[in-house]
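See below for the structure under consideration.
The values are calculated or read from the model by the stated rules, or taken from the named source; none is laboratory data. The model shown is predicted, which means the values in this text are computed figures rather than measured ones. Glycine gets a Cβ as well: all are built from the backbone with ideal geometry, and neighbour counts include every protein chain shown. Side chains are part of the model used for accessible areas, which takes the heavy atoms of the whole protein and leaves out ligands, DNA and RNA. Shrake-Rupley method; radii C 1.70, N 1.55, O 1.52, S 1.80 Å.
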Amino acid sequence: MVDGITAIYNFGDSITDTGNLIREGATGMLRYIGRLPYGIDLHGPTVRCSNGYLMIDFLAKYVGLPLLNPYLDKAADFTHGVNFAVAGATALDTTTLAERGVTIAITNSSLDVQLAWFKDFMAFATNSSQGTSLISSFCSNEIRRKLASSLVMLEIGGNDFNYAFQQQQTRPSDGGYGLGNVTRIVETLQQAGALVPPVVQSISNAAEELLEMGAVRVVIAGNFPIGCVPVYIAGANVTEPAAYDADGCLAVLNAFAELYNARLRGAVAALQRAHPRAVVAYADYFAAYAWVLREARARGFDPARTRTACCGAADAAYGFDESRFCGAPGTAVCADRDRYVSWDGVHPTQHAYGEMAELLYRGGLAYPPPIKWPAGQKMPGSTSVPLN
């Protein structure tokens, strides 16, 4: 164990889901995650949205814990934590999103549902006679004792915007996203921007409730630079060079992600002030992903392919076509997967996840530091540590 951490409780979406969606019944383009080539570098599918392990897997191994089992696997061992994340999940509940014109086709297991699962689990794990009927049952000494040696992760919120973007875009007959120019992107982002305050508030409320229950280490993750992700670049189909930044990413999309992240950081700082005895950390996913792009060659990636999907439609722009999503019949998988940052155009590769985990939790991009590492301990890179 590292820094006294005996368990991890994770809330999130496809970036950290280790098997909940597949047990709910994966649909849409995510229906392929339960079979190869997903998990190809683990010798078979593990129902993770990548070719291998995720950041949450690396983090668990680095602190000396087993990999997290999904909550919906009722036969699993939850001694050292639970993964409540569901691929496709949102921070806002489905009713709130529907009121704003956003519908969800993948899962209804939003953050409030995952938090309810957590409460049910804690009530059961501590033999609470009152179950979840009274919040006082979650202020028990036993629950506080469990949370005092736990790391709580909140990695959610990106899908609220993803769904909004998709529904505001006019889809052409080929199934693509159809954003034809920067003006259209800006109009779409203005509509999605209305979701920023309630998404941040939802995440803040969940963190506040977990802190009140006794959590002492809470990590809240920001959004990636979405303008660098193949699904967005390919869908935007913008040809104007001025629309791209020095990293080859769509500047206006990254500006939106930074706007959201700034508001989220403000909420994290407010939580830290309100709970000075706890560590409430912000995990800067934007910086970690951008760092990987800028140091691509040094970290073992091919700089020419950092914005191209490894698995999917090899003949399409950026290797991505929603109608030929990774795993669909006729799609291809690159041979040198560790040279790619993006696995399927939406989710990173195992190599990218490992590099980002190192940058976040040993490189200072999660701050204040949620984990105190033993002096001199070297965090292994993504391709040098066996996790199974």
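Between [x] 1.16; [y] 0.98; [z] 0.95, which entry matches Rg/Rh (Cα atoms, Kirkwood Rh) as derived from the coordinates of this structure?
[z]
Tell me, what is the 1.4 Å probe accessible area of ILE22, in Å² to the nearest 10?
Counting only protein heavy atoms, the figure is 60 Å².
For the chain, set up a GNM with springs between Cα atoms under 10 Å and report which of SER14, SER202, SER323 has the largest fluctuation.
Largest GNM mean-square fluctuation: SER323.
Would you list which lysines come within 18 Å of LYS372, measuring only between C-alpha atoms, while excluding same-chain residues fewer than 8 positions from it?
Leaving aside lysines fewer than 8 places away in the same chain, those within reach of LYS372 are LYS61.
Take the Cα of THR6, step 7 Å along the line toward its Cβ, and report every residue of the range 53-79 whose backbone nitrogen sits under 19 Å from that point.
In the range 53-79, the label zone of THR6 (backbone N under 19 Å from the point 7 Å along Cα→Cβ) covers 60-69, 77-79.
Taking the Cα centre as origin and putting +1 on Lys and Arg beta-carbons and -1 on Asp and Glu beta-carbons, what dipole magnitude results for the chain, to the nearest 20 debye?
About 720 debye.
Measure off, as a whole percent, the carbon and sulfur share of the 1.4 Å-probe accessible area of the chain, all protein chains present.
It is 52 percent, rounded to a whole number.
Using a 1.4 Å probe and counting only protein heavy atoms, arrange ARG144, ARG299 so the residue with the most accessible area comes first.
ARG144, ARG299
Name the residues whose placed amide hydrogens come within less than 5 Å of the amide hydrogen of VAL279, ignoring near sequence neighbours (fewer than 5 apart) on the same chain.
So VAL279 has HN proximity to ARG217, VAL218.
Taking the DSSP beta bridges in the chain as the whole, what percent of them are antiparallel, to the nearest 5?
Rounded to the nearest five, the antiparallel share is 25 percent.
Compute a Gaussian network model of the chain, connecting alpha carbons closer than 10 Å, and tell me which residue from ALA283, ALA123, ALA298 fluctuates the most.
Fluctuation is largest for ALA298.
Please calculate the 1.4 Å probe accessible area of ASP120, with all protein chains present, and give it to the nearest 10 Å².
Here the accessible area works out near 70 Å².
Which order do GLU208, GLU187 take when ranked by solvent-accessible area (1.4 Å probe, heavy atoms of all protein chains), largest first?
Details: GLU208 60, GLU187 90 Å².
Ranked list, largest accessible area first: GLU187, GLU208.
Can you give me the solvent accessible area of ASP112 with a 1.4 Å probe, rounded to the nearest 10 Å²?
Solvent-accessible area, nearest 10 Å²: 80 Å².
Rolling a 1.4 Å sphere over the protein heavy atoms, what is the accessible area per residue of the range 7-367, to the nearest Å²?
Roughly 37 Å² per residue, with all protein chains present.
What is the spin-label model distance, in nm, from TYR367 to ARG145 if the labels are put 7 Å beyond Cα along the C-beta direction?
3.7
Show that you can apply the helix-only estimate: for the chain, add -39,500 (n - 2.57) for every DSSP H stretch of four or more residues, divide by all residues, and state [θ] at 222 nm to the nearest 500.
Helix contribution divided over all residues of the chain: -10500 deg cm²/dmol.
In whole Hz, what ³J(HN,Hα) sequence does the range 45-50 give by Karplus (6.51, -1.76, 1.60; θ = phi - 60°), x for Gly and Pro?
Rounded to whole hertz, the list is x, 10, 6, 9, 7, 6.
Grab the alpha carbons of the range 1-124, take their convex hull, and tell me the volume per residue in Å³.
Taking only Cα atoms, the range 1-124 has a hull volume of 109 Å³ per residue.
In what order, largest first, do ASP302, ASP3, ASP17, ASP77 sit by accessible area if the probe radius is 1.4 Å?
ASP77, ASP3, ASP302, ASP17
Tell me, what HN-Hα J-couplings in whole Hz come from the Karplus equation 6.51 cos²θ - 1.76 cosθ + 1.60 at θ = phi - 60° for each residue of the range 12-20, using x for Gly and Pro?
Once θ is set to phi - 60°, the couplings for the range 12-20 become x, 10, 5, 5, 10, 5, 10, x, 6 Hz.
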